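Here the structure is laid out as structure tokens; the discussion comes afterwards.
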Amino acid sequence: MVGGGIREKSFSWWLAGFLCVFAATPALAFDEATADRVLLHAQQKLRATATNPAIPTSQYPKATSEGPWRLVPNTANIDWVQGFFPGQLWLMYEPGRDSFWRSRADAWTRSLELQKSNPDIRQITHDLGFKFMTSFGHGYRLTGDDYYRQVMLTAAASMSRRYNPTVGVIDCCDWNDSDWQVPMVTDTMVDLELLFWGARNGGDAAWNDMALSHALKTLTDMIRPDGGTFHVVDYNTSGGIRSRSTFQGFSDSSTWSRGQAWAIYGFTLAYRYTRDARMLQGAQRTADYYLARLPADSVPNWDFNAPADQQQKDSSAAAIVASALQELSLYVSDPAVAQRYRNAALAMLDSLSSPAYLTPATSDSPGILLHGTAFYRTAINPTGEDIDKSLIYGDYYFVEAVSRFKLWNAGGWLSKLGFPGSLHGLGTGNTGVRMVEFDVTPLSKFIDAVVGYADTSTHVTSLSGLAMSLRMNPSGFFDVRRGAEYAASANVPYEAHSTYHVRMRVDLDARNYSVWVTPPGGSEVLLADHFAFRSDAPPTNDLGKVALKSGHFDDEFRVRGHTVRAGTTPATPDPPEPQEPESPDQIPPVDEPRTDDDVLGCTMASGAPFVAAALLLGLLGASRRRRSSSAR
């Protein structure tokens, strides 16, 4: 009895210490419920603007406080904000595919087409990336309408005309050419996506090299040794640096917070497209500088180095970085660093979702976020512009950040445009006859996306490296690779945000496979019956890796519950058996983004104090019950 009491007391002391350690891990308030609340608030504000008869589709919101939006026309070539309002409408359309949002997003998107080209190079802006990726980019991603793609390619060709091959940068503008010769600004890092994307979707391959060259010049010439950034680097026509300055910041030696945000976001997206380790380095250097200088509420002052009498928040910078850090957390290989970035993003979203920054539902303001600063008062601009306002771009990146949280918090594997990021290791030993099962959810329609399989030893760089492939084709149906073509034994259409169960029987020795698909609420359909492996694929002796390959954009579909097990000889396999967790053996981890499963494994740690407490208290209770039972 005495011994049992000592053991129980010791366990209780151990439990108390254990819980104290875990309690030191902060639990962030931003969660699914908060995200849903924010998106509902955004819907209400955007619906009011989209149905306002005083705002025709040729006018675009820019900034507001308690009154109506200040608008800019679709003909304003050197303005840069026109894509953000239709971009938000597309983000509202994405989850439920409500025709209300699509029709209005399309209307404001099409109205911007006139800016895709201009014979006067001085009227072509580097900000075509901001304008077209946020509007036409989402339109193409969510509908598959080739009209949007063609407009984007024309816009990318126009933007490429601003590339200066001698200097190796996108010359940002001509409107200030009396002071600058070949100016490069930090904002352009985000505009580069139009070139990166265009080079991969039917445009000139040279656009990728232009964008990468610009990003590398930004890395070497714009980032200070401490990770802070200048806003402008001006070159002479021979490529020499004339000056480094901070046009929208406090001083040339200060760091403008939104400029730093553009750098973090821009280097992150450049890594998404190129997998160039230098881009990841740039993203982390600028992110670490930014995070080290944040105030307690995670929303920065408009300039990190502005004096005490010039303190003014910029919620737009916080929104941009909250979106960027969520993506960056997927790419870094160190789990602790990834979790730090993710926690920082959630802290920013937590603040921005609070009454301190979110517009009241009853407010007359049509904006979503309060306390944005476009251009604070400086020697260059003594009056400033849009100080302490709701800014359309702050709203856009806030909605994007919350939408990303919803997307990436749902778990599973998401498809990627590039092969390195699309690959997941399945371990070794998957030979002979194997059964594969998973659930697949298309997140857009129409897409051109593949779930494909390759040998452990195959270095996959193209679709020809995948011996077996299930495709969601651009016509809206599933099909399967058979030898030299795609085919299907039955017509099984797919719909966005519907989940389909897939079952495959792979005979690696006979080099054939069969595929069944079960639609939601329907019966299993045989889609492929003993189809031969792809004819031009390399030898495939095992199921070593799976590729989730997007056709046009990242995150076109999600796969959950992927399992591989030993199969049976009959063509119709036995019911699936309980599976052990997937092998941790992965495709080379150094340069690969971590999967959503990895991220969520870290994310769950934020709730660990409560989970651990419940489990350990349960164990303690069980121990007491066992002793009590033995005493009786």
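The values are calculated or read from the model by the stated rules, or taken from the named source; none is laboratory data. Quick caveat: nothing in here was measured; it's all calculated off a predicted structure. With ideal geometry, Cβ positions are generated from the backbone for all residues, glycine too; neighbour counts draw on all protein chains shown.
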Within the stretch 459-495, which residues are within 22 Å of GLY421 (Cβ to Cβ) and crowded, with 20+ Cβ neighbours inside 10 Å?
-> VAL460, GLY465, LEU466, ALA467, MET468, SER469, LEU470, ARG471, MET472, ARG481
Select from the stretch 93-128 the residues that are outside any helix (DSSP H, G or I) and of a type in the set (D, E, K, R) and write down the one among them that is farthest from LEU153 (Cα to Cα).
-> ASP98
Which of the residues belonging to the stretch 462-476 are in a strand (DSSP E or B) and either of a type outside the set (A, V, I, L, M, F, W, C) or more than 26 Å from the chain's Cα centre (by Cα) (or both)?
-> MET468, SER469, ARG471
Condition set small (Gly, Ala, Ser) and part of a helix (DSSP H, G or I), scope the stretch 195-217, selection surrounded by the fewest Cβ atoms within 10 Å (Cβ to Cβ): answer is ALA206
For the stretch 420-432, what are the residues that are at negative phi, out of contact with any Gly (no Cβ under 8 Å at 6 or more places or on another chain) and modelled with pLDDT under 95?
-> PRO420, GLY421
Residue list for the stretch 373-396, filter: touching a strand residue (DSSP E or B) at 6+ places or on another chain (Cβ under 6 Å), under 15 Å from TRP69 (Cβ atoms) and not charged (D, E, K, R) | ALA374, SER390, LEU391, ILE392, GLY394
Looking across the stretch 500-523 at residues that are loosely packed, with under 15 Cβ neighbours inside 10 Å and within 33 Å of the chain's Cα centre (by Cα), the single one that is nearest to LEU470 (Cα to Cα) is PRO520
Inter-residue pairs, beta-carbon under 9 Å, first in contact (Cβ under 8 Å) with a residue 12 or more places away in the chain and in the stretch 426-455, second of a type in the set (Asp, Glu) and in a strand (DSSP E or B), 6+ apart = GLY432/ASP507; VAL433/ASP507; ARG434/ASP507
In the set ASP386, ASP364, ASP350, which member is charged (D, E, K, R) and either part of a helix (DSSP H, G or I) or not assigned by TED's automatic domain parsing to the domain that holds GLY259 (or both)?
-> ASP350
If we keep just the residues of the stretch 389-403 that are outside any helix (DSSP H, G or I) and of a type outside the set (A, V, I, L, M, F, W, C), which is nearest to MET92 (Cα to Cα)?
-> SER390
In the stretch 301-347, how many are β-branched (Val, Ile, Thr), assigned to a helix (DSSP H, G or I) and surrounded by fewer than 23 Cβ atoms within 10 Å (Cβ to Cβ)?
-> 1
Filter the stretch 389-436 for residues that are farther than 14 Å from ASP555 by Cα, in contact with a Leu (Cβ under 9 Å, 6 or more places away or on another chain), among the aliphatic types (A, V, I, L, M) and not assigned by TED's automatic domain parsing to the domain that holds ALA322 and give the result.
-> LEU426, VAL433, VAL436
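Here is a yes/no grid of residues against (1) touching a residue at least 12 places away in the same chain (Cβ under 8 Å); (2) more than 23 Å from the chain's Cα centre (by Cα):
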{"residue": "PRO119", "(1), (2)": "no, yes"}
{"residue": "TYR148", "(1), (2)": "yes, no"}
{"residue": "ARG161", "(1), (2)": "yes, yes"}
{"residue": "GLY168", "(1), (2)": "yes, yes"}
{"residue": "ASP187", "(1), (2)": "yes, no"}
{"residue": "ASP191", "(1), (2)": "yes, no"}
Residues in the stretch 284-300: is at least one polar (S, T, N, Q), surrounded by fewer than 23 Cβ atoms within 10 Å (Cβ to Cβ), in contact (Cβ under 8 Å) with a residue 40 or more places away in the chain and in a helix (DSSP H, G or I)?
-> yes
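For the stretch 440-493, name all the residues that are among the charged types (D, E, K, R) and under 16 Å from LEU543 (Cβ atoms).
Residues satisfying the conditions are ASP455, ARG481.
Of the residues LEU128, LEU114, LEU91, only one is closer than 22 Å to VAL72 by Cβ and more than 24 Å from the chain's Cα centre (by Cα); which?
One residue alone meets the criteria, LEU114.
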So GLY551, is it under 32 Å from the mean Cα position of the chain (by Cα), modelled with pLDDT under 95 and either closer than 17 Å to SER415 by Cα or among the hydrophobic types (A, V, I, L, M, F, W, C) (or both) = yes
Tell me which of these ASP177 doesn't satisfy, since it passes every other one: (1) more than 25 Å from the chain's Cα centre (by Cα); (2) at pLDDT 95 or above; (3) among the charged types (D, E, K, R); (4) assigned to a loop (DSSP other than H, G, I, E, B).
-> (2)
Within the stretch 274-283, restricting to residues that are part of a helix (DSSP H, G or I) and either buried (at least 17 other Cβ atoms within 10 Å of the Cβ) or without any contact (Cβ under 8 Å) to a residue 12 or more places away in the chain (or both), the one that is farthest from the chain's Cα centre (by Cα) is GLY282
Could you count how many residues in the stretch 217-231 are free of Cβ contacts under 8 Å to residues at least 60 places away in the same chain and hydrophobic (A, V, I, L, M, F, W, C)?
-> 2
